[in-house]
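These notes are about the structure you will find just below.
Only the coordinates and a few stated rules stand behind these numbers; no lab work does. Computed from a predicted structure; not experimentally measured. Cβ placement follows ideal geometry from the backbone for every residue including glycine, while neighbour counts extend to all protein chains displayed.
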Amino acid sequence: MLEELKTIICRANVALARYHLVTLTWGNVSGIDRTRGLVVIKPSGVAYDTMRPQDMVVVDLEGHVVEGELRPSSDTPTHACLYRNFPRIGGVVHTHSPYAAAFSQACRPIPCLGTTHADTFSGEVPITRSLMRAEVENDYELNTGRIIVERFADLNPLTVPAVLVANHGSFTWGATPDQAVEHAVILEEVARIALATLAIRPDTPPLAAYILDKHHSRKHGPNAYYGQTGHTHRPSEDESTKE
């Protein structure tokens, strides 16, 4: 199982470069084996065009290395925190993709202005608060995960599978690593469209709730009808979050 997951994670990391979501080595993908409580993640600073499945690093849910010759991504504590608190997710992606990062740096959520956004995200993509000095100086990456969890105290991470970390970049997640990558691709596109929309009309109102609900529910949940029979839709039921 872990060898297969290493192959999946290596392929997913390479996909970040193929979709132009990363520059140099600025991003990472992880996946989890829930039955064993082990996470497979990209090694730190390794180029996407040279990495191999055997380069992937296995860590436990506290971020301690279990297997691998290389150091895991510096963002490993953030990924582990998300897996501990969002028990229905199976993959996590972190990038500094330009349009999403622009909203992060502006400390603004990505508003839901149209149906392209609503198809994947049930409402705006939220922004975290900024980290305090003590949180940066002590357990920076872990505290990054904690402020994401804090931001989702009143949100469902299954229906809004993305977040902007203030002044930093974005994280997305999904039922699988591949779905987490797909959400990262969509996030960057809706950020690009939102920025263009707001440039044309700065006072563009949010999408009406009844249209948002229609577009999201036709792709996700028990009454979804988009796509073909047997297509796996992202679950939409409520889940609790806790450290």
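Against the test of being at positive phi, out of contact with any strand residue (DSSP E or B) (no Cβ under 7 Å at 6 or more places or on another chain) and of a type outside the set (Val, Ile, Thr), the options Gly63, Gly68 yield a single qualifying residue, Gly63.
Could you figure out which of (1) under 18 Å from the mean Cα position of the chain (by Cα); (2) of a type in the set (D, E, K, R); (3) over 30 Å from Thr204 (Cβ atoms) isn't true of Arg108? Failed condition: (3). Exactly one residue among Ala196, Ala209, Ala166, Ala224 is of a type outside the set (Val, Ile, Thr) and either under 30 Å from Val40 (Cα atoms) or surrounded by 21 or more Cβ atoms within 10 Å (Cβ to Cβ) (or both), and that residue is Ala166.
Looking at Val66, Val92, Val59, just one residue is closer than 30 Å to Ala196 by Cβ and of a type in the set (A, V, I, L, M), and that residue is Val92.
Restricting attention to the stretch 1-21, the residues that are over 14 Å from Glu182 (Cα atoms) and either hydroxyl-bearing (Ser, Thr, Tyr) or not in a helix (DSSP H, G or I) (or both) add up to 2. Of the residues in the stretch 34-55, at least one is under 26 Å from Tyr99 (Cα atoms), aromatic (Phe, Trp, Tyr) and over 17 Å from the mean Cα position of the chain (by Cα).
Inside the stretch 117-162, can you point out the residues that are buried (at least 21 other Cβ atoms within 10 Å of the Cβ) and of a type in the set (Phe, Trp, Tyr)? Passing the criteria: only Phe121. State yes or no: is Val92 more than 23 Å from Phe152 (Cα to Cα) and surrounded by 15 or more Cβ atoms within 10 Å (Cβ to Cβ)? No.
Test Thr197 against the criterion of being touching a helix residue (DSSP H, G or I) at 6+ places or on another chain (Cβ under 6 Å), touching a residue at least 12 places away in the same chain (Cβ under 8 Å) and in a helix (DSSP H, G or I), and give yes or no. Criteria not met by Thr197.
Cβ separations smaller than 8 Å between residues 6+ apart or across chains give the following pairs from the stretch 57-73 residues that are touching a residue at least 24 places away in the same chain (Cβ under 8 Å) and closer than 17 Å to Thr7 by Cβ to residues that are in a loop (DSSP other than H, G, I, E, B) and among the β-branched types (Val, Ile, Thr): Leu70/Val46.
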